[in-house]
Amino acid sequence: MSEAPADIADQRAGRRRVETFDVAVIGAGVVGCAVARRLTMEGARVVVLEKALDILDGASKGNSGILHTGFDAPPNSLEQRCIAAGYQEYLDIRERLNLPLLDCGALVLAWTEEEEARLPDLMEQARANGVSDVEALSRAEVLALEPNVSPKVRAGFRVPREFVIDPWSAPTAYLTQALENGATCRRGCEVLAGTFDGEAWQLETTTGSLRSRSVVNCAGLFGDRVDQRLLGQSSFTIRPRKGQFVVFDKAAAKLARSIILPVPTAKTKGVVICRTSFGNLLVGPTAEDQDSRDDASTDGETLEMLRAKGIEMLPALAGIPVTATYAGLRPASEHKDYQLSAEAARCYITVGGIRSTGLSSALGLAREVCRLLEGFGETFAPLTEPSWPKAGVLTEYGERAWARAGNGGIVCHCELVTRHEIEAALDGPLAARSLAGLKRRTRVTMGRCQGFYCLGALSEITEGRFDAPLTEPIDDGE
Amino acid sequence: MASERRVAPAQVDVAIVGGGPAGLAAATRLRQLGTTSLAVLDREPEAGGIPRHCGHFPFGVREFHRLLRGPDYARRLVTQARDSGVEVFPATTVTGIASGPRLVLSTPDGKAELAAHKVLLATGVRETSRAARFIGGQRPRGVISTGALQSMVYLASKRPFRRPVILGSELVSFSAILTCRHAGIRPVAMIEPGRRITAWRFAAALPRLQSLPLHLETELLAVHGREQVEGVTLRSRDGREWDLECDGVLVTGGFTPEATLCRLGHLEMDSGSGGPVIDQFGRCSDPDFFAAGNLLRPVETAGWSWREGVAAGDRLAAALADRLPAAEGQVEVIADHPAIKLVLPQRLALPAPAGGMSHLQLRLNRAVRGVLQVRDGDAIVLTQTLAGLPERRILVPLKGLLGKLRGDTLSLSILEVT
């Protein structure tokens with residue numbers, strides 16, 4: 001695996017003078033990106049260390065893309081507080097960062113008598129969590145709001161301010177803002193060991209060593225391992241919980257305006273039907289405990305089950321083709337709540353066990369981290385005029401690049417991705433270095449043909465840009 | 001090729017969406033019949049359709065009475081259309097359709113609108129993806145369709161893997177073998193879930209010629225590998241699961257019409273064919289929209305699509321001259337047997353003047369022997385012996401039938417002989 005030229009340059013510089021960062025954020029998932037942004041805005045000199053070749057390559061690469069109010073979170077839990085704060089901050093900053101929001105609301109629907117009996121308690125819980133605008137719905141009211149929902153539904157309630165965002169543009173925008181305001185990101189950089197000498201951490205990584213006054217472990221699925229490497233122990237153990245999803249063609253988006261949520265259980269929010277920011281409709285996730293921290297495999301029988309479950313709730317889905325399938329891994333732990341801990345003596349903070357709501361809570365968690373860091377006596381001078389880089393528009397519900405002049409022509413026909421969008425994603429400090437990364441940044445090949453039409457063109461456009469190229473010349477080695 | 005790019009006009013008599021064999025044939029025919037205001041819109045940098053990246057024989061027998069490779073054939077179709085005065089606009093994507101008819105376009109210059117009197121949709125087919133087939137496992141690089149492989153090999157002289165498994169045994173699966181050979185790729189096995197090879201017999205000899213192991217009644221359960229494909233898990237009919245090492249998966253065939261514009265637009269769809277509902281003149285549920293070629297059904301040869309395009313040209317000319325019957329009061333054509341995968345046209349406009357399709361087209365989803373019965377209401381109006389295999393074209397003549405229909409449904413059923 002080759003190192004990025006920037007990393008090599010850093011290493012060479014490192015031999016001459018040891019640079020000391022204020023904070024090293026380990027892990028560039030949604031939490032790490034949000035923490036890096038917050039601390040940078042507060043004036044800290046931040047380095048983000050990501051062991052994968054791309055950001056958002058672990059737990060953050062596959063989720064449902066919902067911005068939760070936290071109506072069903074355990075009252076007074078850390079999770080509930082962080083979701084509430086993160087939710088609000090997303091709404092506050094999203095226009096300045098040009099981030100999407102699908103104002104759709106959610107319906108929690110009961111399909112059995114037992115589920116129906118639990119609705120009043122759930123509404124009470126929502127109110128206790130500060131989500132006071134929930135409204136009970138009779139069966140007829142549910143069907144009036146969502147006429148395509150199966151008439152087998154019994155009752156429900158509406159949570160008007162549950163929204164759809166997208167899993168990747170928000171964290172990418174957080175990290176981009178951090179980088180534009182002075183932070184550094186090293187990819188393909190795994191933290192191997194570290195020692196705290198009373199002043200700062202000396203971290204040994206796969207791309208060299210560095211010094212940082214404090215460390216924030218946002219390593220998601222490897223959070224306990226990083227704690228063990230740096231602290232010698234961890235207060236939690238990651239128990240990956242897989243969630244599989246089926247994504248239906250854009251034609252399905254008109255079948256359900258609201259997010260359709262089931263009555264949650266202790267273990268999972270259950271199988272959701274929800275539009276995506278990209279104009280599709282997804283059904284998922286499952287909740288499957290497993291040992292592997294990096295195997296997000298799908299299986300045909302489960303996907304078939306999810307499709308059937310979707311059709312059961314939304315019968316018209318039967319006539320709509322499936323566009324994509326995927327699975328994500330939740331970094332659950334043996335604890336129900338998030339595991340946020342601080343060790344002042346070694347200036348070390350762990351943000352662990354963010355089991356499923358990280359997209360909604362990340363900005364709130366970042367504020368908690370900042371507060372803890374201040375508790376260590378770390379003081380920074382907040383940036384007075386930070387820059388606010390605007391994200392490109394990927395949402396189906398906004399004006400996309402294809403509608404504007406000078407777009408270079410459409411390359412990916414299903415998702416209407418233009419050549420200039422692709423070229424932009426292959427450039428800059430967070431340039432995509434793999435097809436997976438390019439997909440998350442632009443949506444290429446994520447549509448209904450899954451690359452039938454555009455993979456040939458993409459293999460040419462991306463030539464020399466990926467660590468492992470999509471293709472090799474035909475005469476090579478023959 | 002440094003040709004100057006022109007912008008599509010804002011108003012034409014006929015807009016043709018898709019510059020493959022069907023679309024180009026229709027345009028050429030319309031121009032021969034005197035329609036001057038027409039535009040062929042193609043989203044690729046060059047028109048020509050799928051044959052552009054099918055670098056093998058045989059194309060062009062029906063159209064040019066010559067044996068051509070796909071790219072040469074595609075170029076000849078474009079040249080023929082341009083020579084007859086047709087304006088072809090490449091790099092022009094139709095992103096939406098609406099009644100009027102109105103089309104929303106995207107070009108490198110941004111968004112534009114086009115109004116037309118009639119629209120021909122000729123957007124073709126694509127293979128179904130791994131995702132749509134619910135093939136499980138990880139999602140490494142190297143799981144691609146034949147179409148993607150061919151565009152890599154024939155348009156870019158590149159290959160994505162060296163030792164893939166091939167999933168499927170349709171005609172395209174065998175053309176994938178040829179593409180592999182051209183690119184120095186050595187497939188390790190061909191996997192077919194069915195009991196026999198889907199393609200014609202002569203093609204079935206190819207794996208043996210290439211000493212390629214063929215596994216019938218075998219399912220592809222899962223793909224393994226974090227970065228590049230490292231192997232697959234297969235399941236035989238007896239339930240045995242086994243692993244096979246490979247560095248890619250070629251997911252072939254399983255064609256489906258590229259009917260996105262219809263589906264996202266206002267046109268009625270047929271779940272059997274996956275394309276728009278049409279009458280015998282190729283008219284959609286909005287009669288200002290016509291459809292032809294493989295958008296109608298998966299999947300025919302380029303030559304057949306070309307012929308449908310020529311016929312669509314004739315019918316569009318008739319429509320412009322107001323010579324087609326009203327689209328109301330149609331007879332519905334119904335497939336009334338689970339083995340019938342699709343039948344088209346799905347509607348018959350009566351009274352029926354000449355110039356419509358001469359046959360019903362049927363496809364089966366499994367091998368069937370028996371008698372096909374065509375009913376007008378309760379009365380059997382036609383029987384035809386049937387010894388059909390899946391994915392083969394079956395034709396039922398409409399001649400003589402159209403004049404005597406009384407009911408408002410024409411249903412097709414099968415008396416099976418076991």
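The values are calculated or read from the model by the stated rules, or taken from the named source; none is laboratory data. Not measured: the values here are computed from a predicted model. Glycine also receives a Cβ, built like all others from the backbone with ideal geometry; neighbour counts cover every protein chain displayed.
Any residue in the range B:134-141 that is buried (at least 24 other Cβ atoms within 10 Å of the Cβ), in contact (Cβ under 8 Å) with a residue 12 or more places away in the chain and more than 9 Å from chain A (Cβ to nearest Cβ)?
no
Have a look at B:Asp13, B:Asp42 and point out the one that is within 14 Å of chain A (Cβ to nearest Cβ) and modelled with pLDDT of 95 or more.
B:Asp42
Of all the residues that make up the range B:156-177, how many are within 14 Å of chain A (Cβ to nearest Cβ) and either in contact with a strand residue (DSSP E or B) (Cβ under 7 Å, 6 or more places away or on another chain) or in contact (Cβ under 8 Å) with a residue 24 or more places away in the chain (or both)?
Of the residues in the range B:156-177, 12 are within 14 Å of chain A (Cβ to nearest Cβ) and either in contact with a strand residue (DSSP E or B) (Cβ under 7 Å, 6 or more places away or on another chain) or in contact (Cβ under 8 Å) with a residue 24 or more places away in the chain (or both).
Which one of these is outside the structural domain of A:Val272 (by TED's automatic domain parsing) and out of contact with any Asp or Glu (no Cβ under 7 Å at 6 or more places or on another chain): A:Leu101, A:Leu137, A:Leu119, A:Leu143?
None of the others qualify; the one that does is A:Leu101.
Which residues, taken from the range B:362-399, are under 19 Å from B:Arg347 (Cβ atoms) and over 27 Å from the mean Cα position of the chain (by Cα)?
The answer is B:Arg375, B:Asp376, B:Gly377, B:Val381, B:Leu382.
What do you reckon, is B:Leu316 crowded, with 19+ Cβ neighbours inside 10 Å, at pLDDT 95 or above and of a type outside the set (Gly, Ala, Ser)?
So B:Leu316 passes the test.
State all residues of the range A:340-398 that are in a helix (DSSP H, G or I) and of a type in the set (Val, Ile, Thr); if no residue qualifies, say none.
Of everything in the range A:340-398, just one residue is in a helix (DSSP H, G or I) and of a type in the set (Val, Ile, Thr), namely A:Val369.
Could you list, in sequence order, all residues of the range A:399-415 that are within 26 Å of the chain's Cα centre (by Cα) and either modelled with pLDDT under 95 or in a loop (DSSP other than H, G, I, E, B) (or both)?
Passing the criteria: A:Glu399, A:Arg400, A:His413, A:Cys414, A:Glu415.
I'd like the residue in the range B:234-269 that is β-branched (Val, Ile, Thr) and at the interface with chain A (Cβ under 10 Å from one of its Cβ atoms) and, out of all such residues, is nearest to B:Leu214 (Cα to Cα).
B:Val251
Quick test of your reading of the structure: A:Arg257 fulfils all but one of (1) under 30 Å from A:His413 (Cβ atoms); (2) crowded, with 22+ Cβ neighbours inside 10 Å; (3) away from chain B (no Cβ under 14 Å). Name the failing condition by number.
Of everything listed in (1) under 30 Å from A:His413 (Cβ atoms); (2) crowded, with 22+ Cβ neighbours inside 10 Å; (3) away from chain B (no Cβ under 14 Å), A:Arg257 misses just condition (2).
Being of a type outside the set (A, V, I, L, M, F, W, C) and farther than 30 Å from A:Asp22 by Cβ, is that true of even one residue in the range A:421-433? Give the steps one after another, and end with the answer.
First, the residues of the range A:421-433 that are of a type outside the set (A, V, I, L, M, F, W, C): A:421, A:423, A:427-429, A:433.
Among the residues that remain, those that are also farther than 30 Å from A:Asp22 by Cβ are: A:421, A:423.
Among the residues of the range A:421-433, at least one is of a type outside the set (A, V, I, L, M, F, W, C) and farther than 30 Å from A:Asp22 by Cβ, which makes the answer yes.
Looking at the range A:345-359, I want the residues that are over 22 Å from A:Leu67 (Cβ atoms) and have a partner that is modelled with pLDDT under 95 and of a type in the set (Asp, Glu) with Cβ atoms under 8 Å, at least 6 apart or on another chain. Which pairs are those?
A:Cys347/A:Glu378
Please find, within the range A:288-331, the residue that is nearest to the other protein chains (Cβ to nearest Cβ) out of those that are surrounded by fewer than 20 Cβ atoms within 10 Å (Cβ to Cβ) and of a type in the set (S, T, N, Q).
A:Ser297
Could you please find all residues in the range A:402-459 being more than 8 Å from every other protein chain (Cβ to nearest Cβ) and either in contact with a Pro (Cβ under 6 Å, 6 or more places away or on another chain) or acidic (Asp, Glu) (or both)?
A:Glu415, A:Glu421, A:Glu423, A:Asp427
Take the conditions surrounded by fewer than 23 Cβ atoms within 10 Å (Cβ to Cβ) and in contact with a Phe, Trp or Tyr (Cβ under 9 Å, 6 or more places away or on another chain) and apply them to A:Glu180. Does it pass?
Taking the combined requirement at face value, the residue satisfies it.
Taking the condition of being of a type in the set (D, E, K, R) and closer than 26 Å to A:Ala468 by Cα, how many residues in the range A:399-431 meet it?
Keep residues of the range A:399-431 that are of a type in the set (D, E, K, R), which gives A:399-400, A:404, A:415, A:419, A:421, A:423, A:427.
Remaining after also requiring closer than 26 Å to A:Ala468 by Cα: A:415, A:419, A:421, A:423, A:427.
Result for the range A:399-431: 5.
How many residues does the range A:197-234 contain that are surrounded by fewer than 20 Cβ atoms within 10 Å (Cβ to Cβ), on the phi > 0 side of the Ramachandran plot and touching a residue at least 40 places away in the same chain (Cβ under 8 Å)?
1
Across the range B:101-133, which residue is farthest from the other protein chains (Cβ to nearest Cβ) among those that are free of Cβ contacts under 8 Å to residues at least 24 places away in the same chain and under 23 Å from A:Ala401 (Cα atoms)?
This residue is B:Arg102.
Give me the helices (runs of 4 or more DSSP H) completely within the range B:8-84, filtered to those with at least 2 residues that are within 27 Å of B:Gly265 (Cα to Cα), ordered by residue number.
B:21-32
Residue under question is A:Pro285, and the condition is that it be more than 14 Å from chain B (Cβ to nearest Cβ) and either buried (at least 19 other Cβ atoms within 10 Å of the Cβ) or touching a Cys at 6+ places or on another chain (Cβ under 6 Å) (or both); does it hold?
For A:Pro285, the condition - more than 14 Å from chain B (Cβ to nearest Cβ) and either buried (at least 19 other Cβ atoms within 10 Å of the Cβ) or touching a Cys at 6+ places or on another chain (Cβ under 6 Å) (or both) - is met.
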